[in-house]
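Derivation of every value follows stated rules applied to the coordinates shown; laboratory data play no part. Keep in mind that what you see is a predicted model, and the values were worked out from it rather than measured. Ideal geometry is used to build each Cβ from the backbone, glycine not excepted, and the neighbour counts take in all protein chains shown.
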Amino acid sequence: MNKDFYAGNRKRLAEEMEMNSLAIFFAGHEPRKTNDEYYPFYTSRNFLYLTGLEEHHLILLISKTDKGIEEELYLQEHDMMLERWTGKRYTKDEAQAISGITTISYLNLFPMHLQYRIQDHKYETVYLDFDKTAQSDEDTEAYTFAEEFGKTYPWIKMANASQKMAKIRTIKQPCEIEAVRKAVEITKAGIVAMMKASHPGMYEYEYKAEWDHELAKRGVAPAFPSIVAAGDNNFCIHYYAYTGQAKDGDMILNDVGAQWDHLFNDVSRGWPCNGKFTEKQNQLYTCAYNTSQHMFSIIRPGMQMSDVDRLAREFCFTQLKALGLCDNYEEVGKYIWHGGAHHVGWDVHDIVDADGPIRPGMIFCVDIGIYCEEWGIGFRLEDNCLVTEGGCENLTASIPRTIEEIEAVMAH
C-alpha cells in the first residue's frame, strides 16, 4: 500500500459523506493490562485503512463543505524521554510520505482547530467510528469524544462512520488482492512446516513454534491469535491454551493466518498427527472436502452472501447423512457448529457491507467445520475465496488440502 492508496480511500469516504459534514477518526490507544503494564498497541483498522499510520493517539479529520474536501492529521509531539521507552514517533514529513496528507499539526492544537472549524463552517453532521459489537465492549475514543461533543454542540447530529467504512472496504482493490496472495504464500510455509514436524507426543505449543518460526523468518507476524489444537481440544472452536499433547491417532486442528502489508488471510487445515488418516477421519474429511469443492464450483457474482452458509450446510448434510450420522436436516447442527463464511481482509472477520448479492472483488472464507464428538474427530477446512467476474478463485488452494496431498507432505 502507498500514499495513493490511502488518499484514494479517503476520497471514496468523502464521496459517501453528506455535504456540510465532518468525519473524525482516532488511531486508538493501548489498554492497560495490569498495574503499569499495557497490552501492545493495535491501530484502529479504519484509521489505518485511511492513513497507513500505526501510532497511538493520532487523529484524522476530513471536512466536506462547499469549500471542498479538507484533510487534517494530528500527531503526537516529539518527546525524547518517552520515545526512549516506547519508540520513535512520526515526524510530519514521515506521516505525509505514508499518508499523503499535507496539513499536519500536533495533538495539542486539535481542540482549538476543531472549535474554529465549527465556528467557520455550518456543519450539520459529524461522523464518528462507532464500532462496538456488544454493549459490554470498552468505550473507544469515538464514544468518549461523542459524549463531550454532544454537550458542546448539541445542534450537530452524530452519525456512524463505521457503516460508511464497511461499504468502501467491501470490494478489494488489486493491490489488496496481491497483498492477500503474498500472505497466503507465508501461511502455506507455516502450515507445511507444522505438517512436516507433526508426530505423536508433540505438544500444541511445539506446533505453534513451528508456525511462528516460519513467519518470523519472513519478517511478519500472525494476522490473529493462532488456534492450534489436538484431540479433544479440537472441540473448542476458539482454543488458545497450546498445552495439549497429540496422542497417536489424534487429529490436529489449526486455524491460522499471516498478514502482509496490513492484509490478512485465514486458513484452517486438519490432519492426523501420525500422518495417516484413519477410516473415520478419511470419511469426515472427505465430507468437508467435497462440500468445499462444491462451494467453490457454484460461488459467483449475483449469489446472496447468506446463501453461501446455507448451501454449504445443505450439501454437507447430504454427506453426513450418507455416513449415517444424520437422518434429517435439523440434526446437522450437532456436527456443524459455526457459520460457513465470513469476509477477510483488514480484519480476520472483515467489516464489510455484506447485504445484497456477492460482487467481484469480495474476499471471504469458505469454512467447513465438522465436529463429531462420538467419533472423537473435530476439524475444519477453511479457504479464502476471491469472487471474480465469472465465478470465484480459491486463493489458498495451494496449501495442502486433499488427503493425498496432506499425507504426502507428512511422509517427507
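Within the range 351-376, the set of residues being surrounded by 19 or more Cβ atoms within 10 Å (Cβ to Cβ) and over 17 Å from Phe317 (Cα atoms) comprises Ile351, Val352, Ile358, Met362, Ile363, Phe364, Cys365. Within the range 1-44, the set of residues being of a type in the set (D, E, K, R), closer than 19 Å to Tyr74 by Cβ and part of a helix (DSSP H, G or I) comprises Lys3, Arg10.
Of everything in the range 302-350, what is β-branched (Val, Ile, Thr) and without any contact (Cβ under 8 Å) to a residue 60 or more places away in the chain? Give them in sequence order.
Val308, Thr318, Val332, Ile336
Kindly indicate the residue of the range 98-138 that is part of a helix (DSSP H, G or I) and aromatic (Phe, Trp, Tyr) and also surrounded by the fewest Cβ atoms within 10 Å (Cβ to Cβ) among those meeting that condition. Checking each candidate, the answer is Tyr116.
Scanning the range 375-398 for residues that are part of a loop (DSSP other than H, G, I, E, B) and touching a strand residue (DSSP E or B) at 6+ places or on another chain (Cβ under 6 Å) turns up Leu395, Thr396.
Among the residues of the range 51-97, those that are of a type in the set (Asp, Glu) and either in a loop (DSSP other than H, G, I, E, B) or closer than 16 Å to Phe26 by Cβ (or both) comprise Glu54, Glu55, Asp66, Glu71, Glu72, Glu77, Asp79. Filtered by the rule that a residue be under 18 Å from Thr102 (Cβ atoms) and charged (D, E, K, R), the range 56-85 gives Lys64, Lys67, Glu70, Glu71, Glu72.
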